Amino acid sequence: MPVGPPELICGRHRTARQAVDSGPHRPAKAAGSKLEEEGRTRPVEATPGVGQTGALQAGGTTGAPAGPAGPAGPAGPWAPLAVPVYRALWIAVLVSNIGTWMQTVGAQWLLVDEPNASTLVALVQTASTLPVVALALPAGVLADSFDRRRLLLAVQGFQVAVGAVLTALTAAGQMRPALLLTLTFALGAGAAVTAPAYQALIPELVPRAQITSAAALGSISVNLARAVGPAVAGLLISHVGVAAVFGLNALTFAVFAAVLLGWRRAPDDPRDREPFAFALRAGGRYVRHSPVVRRLLLRVVLFVVPAMAVWALLPLVATRRLDMGASGYGVLLGALGVGAVGGAFLLPRARARLSANALVAGASCLYAAAMAVVVAGDVLPLVLLALLPAGAGWIGVLSTMNASLQLFLPGWVRARGLAVYQIVLFGGQAVGAFGWGLVAEHLGLRAAYLAAAAAMALGAASVLVWPLRETHGLDRSPAVFWPEPELAFEPAPDDGPVLVTRLYTIAEQDEEEFLLAMERVRRATQRTGAVRWQVYRDGADPRRFLEAYLVPSWGEHLRQHEGRLTGSDQAAEERAHALSDPPPVASHLFPAGHRPH
């Protein structure tokens, strides 16, 4: 399909800077000073740092590059906890995670004696995770567009209110299965909005070299909560009742809110916000045109769907196979959590010796073997021993995926990319929990676990066919290297669509190399704003090639100029440009009906 309308106006002799400064919506600028490198100017990566008092001086834009300025410090597994604000937030999130696992145990325990308990118990996991599928991407847009601290505060207030209602109705004996699942869904909606905003904040708080350690600490937080939360919930259910569990969960949201209130973070510049609809489409477009992100998401699906058999059906293992009560179920979940925490300690050594693909395959095989052992007998010590490596395998795969994604995503789209990751992760959990619940209902608990173990083993073997893509050495820092366009008039940010063309002259012997290089240029251009892209050959002069792409608005194109591209995108583009003699010439064309301002 031809790119762009046939009738266009081409403007000249006006800079992008002049257009932006006079327009109502100024796109985000890349932070930092500039240096000369091989005849080019590139921004030095700089983001808010941590002052001597320990208060985070975090201002600027939500799209800041990863890591505070200054020395990176040690990159050990505990290094991020040396940052005071990160440490306070990590503890607050740990407390909130403990409450969430207490809530899950309490909700599942209310349903174990209901008719169709297998399906209802599994639906608790589904109700908790399904909201992410519907809300995570809009939440990522909000987190990339608005002040993340204020967004998190509002969400914690909502969750405190839902938790209070849940507690009061349970204490009054008015909690029915449908109502319980509805309120669980509401808490899941709050978690869906919280996750991308919180995770996108982490690269603002710790140096880039410590992001992998911070991701592992996030997994430790979740899995410590798995070890502590279910055990505490089991004790409270046995001695006080489920209402006390729900009440404590509501209190943990208040603790998180209190820490956020004490964090002094400079507000974001409202002029850096993208319109919601444009930002939503930009996030989906970035993922669609990023092979690295798509492959990461595929690996998450292949692991999470079979892995959910353990989490969703463990209450039935406790009650039907081991004849245990609420406290016993808490002990089983605690074993998974302890295994995950132990796995976090082993991960640095594993990463040093294994490739990411070998680590993912090995952890998946470990998890599959553990699932088979869990239903091999009815002996509690054997089940506990099997759950330990299952927890280690869980954290080994998911922390690897999460850290890889945080390191790869550029700052301007980080929350939206992480939101898509949350959609896939929790959507896979919801589908897996429901599916394995149905299998257990019709074929039995043992058959469900063994089928899940076989699916997990097949997923591990698929690394040979669909491996994670190599990203080592890619420069992910923002790069501002496009020359500012010269226009004869001043477009408004919402003017468009804009057809951008670049004319290349390529020698015959360089054609193949040029077209290969342009494939990488295509992906970068479409990731950062283009909705259509094509290279054309001149019929009158076969040495002339025209790159043409369509951008929805002038403001969207200016964002490409000023921070959306990365150092690796720059390298790919310069490779293509170096083959053109003379250098390529760019034009910016607007619809013919457009009237210059």
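Just so it is clear, none of the values below were taken in a lab; they were calculated from the coordinates. Only a predicted model underlies this, so the values are computations on that prediction, with no experimental measurement involved. FYI the Cβ positions are ideal-geometry reconstructions off the backbone, even for glycines, and counts take in every protein chain you see.
For the reader, a short list of remarks on this structure follows.
- Helix 380-408 vs. the chain, principal-axis angle (Cα, 0 to 90°, nearest 10): 10
- The range 231-362 pair-distance distribution - Cα-Cα, 5 Å bins, rounded %: 2, 7, 8, 10, 12, 12, 15, 15, 11, 5, 2, 0, 0
- Rounded FRET efficiency, nearest 0.05, which uses the C-beta distance separating ALA571 from THR119 and R0 of 51 Å: 0.45
- Spatially, the range 109-158 and the range 536-582 are offset by 42 Å when compared through their Cα centroids.
- FRET efficiency estimate (nearest 0.05) - Cβ-Cβ, ALA376 to PHE276, R0 41 angstrom: 0.20
- Between 0 and 90°, nearest 10: helix 567-578 axis offset from the chain longest Cα axis: 30
- Debye equation applied to the C-alpha atoms of the chain, log10 I(q)/I(0) at 0.06, 0.07, 0.10, 0.12 Å⁻¹: -0.35, -0.47, -0.89, -1.17
- About the Cα centre, charge dipole magnitude for the chain (Lys/Arg +1, Asp/Glu -1 at Cβ), debye: 900
- Mean residue ellipticity (222 nm) of the chain, computed from DSSP H runs ≥ 4 via -39,500 (n - 2.57), nearest 500: -21000 deg cm²/dmol
- Solvent-free Debye scattering, log10 I(q)/I(0), computed from the Cα coordinates of the range 497-552 at q = 0.12, 0.18, 0.25, 0.31 Å⁻¹: -0.28, -0.60, -0.99, -1.25
- Applying 1/(1 + (r/R0)^6) with R0 = 56 Å to the Cβ-Cβ distance of VAL465 and ALA164 gives a FRET efficiency near 0.65.
- Global geometry of the range 502-597, whether rounded, prolate or oblate, following the gyration tensor of its Cα atoms and the 1.5 cut on a/c: oblate
- Zone of LEU261's modelled label, taken as backbone nitrogen in the range 90-107 under 11 Å from a point 7 Å along Cα→Cβ: none
- Taking all C-alpha pairs of the range 406-502, those more than 23 Å from each other amount to 60 percent.
- Label-to-label distance, GLU486 versus ALA171, with points set 7 angstrom from Cα along the beta-carbon direction: 7.4 nm.
- Stretch gain in nm, segment ARG288-ALA350, where the contour uses 0.36 nm per residue and the Cα spacing is subtracted: 19.2 nm
- Axis angle, to the nearest 10 degrees, between helix 211-239 and the longest C-alpha principal axis of the chain: 30 degrees.
- In sequence order, the range 160-177 has phi-based couplings of 4, 5, 4, x, 5, 5, 4, 5, 5, 5, 5, 4, 7, x, 9, 8, 9, x Hz under the Karplus curve 6.51 cos²θ - 1.76 cosθ + 1.60, θ = phi - 60°, and Gly or Pro positions carry x.
- Couplings for the range 96-107, taken from phi via the Karplus curve 6.51 cos²θ - 1.76 cosθ + 1.60 with θ = phi - 60°, read 5, 5, 4, x, 5, 6, 4, 4, 4, 4, x, 5 Hz in order; Gly and Pro are left as x.
- Once the Cα-Cα distance is subtracted from the 0.36 nm per residue extended length, the LEU153 to GLU508 segment shows a gain of 121.8 nm.
- Each 5 Å bin, from zero up to the one with the longest distance, holds this percent of the alpha carbon pairs of the range 99-164: 3, 14, 17, 20, 18, 12, 8, 5, 2, 0.
- Directionally averaged projected area (convex hull, Cα atoms, the range 281-420), nm²: 9.3
- Sparse-neighbourhood loop sites, chymotrypsin sites (Phe, Trp or Tyr not before Pro) in the range 397-452 - DSSP loop, at most 13 other Cβ within 10 angstrom: none
- Paramagnetic label zone (point 7 Å from Cα along Cα-to-C-beta, LEU515; backbone N under 18 Å) in the range 531-552: 533-548
- ARG87-HIS472 pseudo-label distance in nm [points 7 Å out on the Cα-to-Cβ vector]: 3.3
- Cα centroid separation - the range 334-389 against the range 171-217, whole Å: 24
- Here the gap between LEU546 and LEU438, fully extended at 0.36 nm per residue and compared with their Cα-Cα distance, gives a gain of 33.3 nm.
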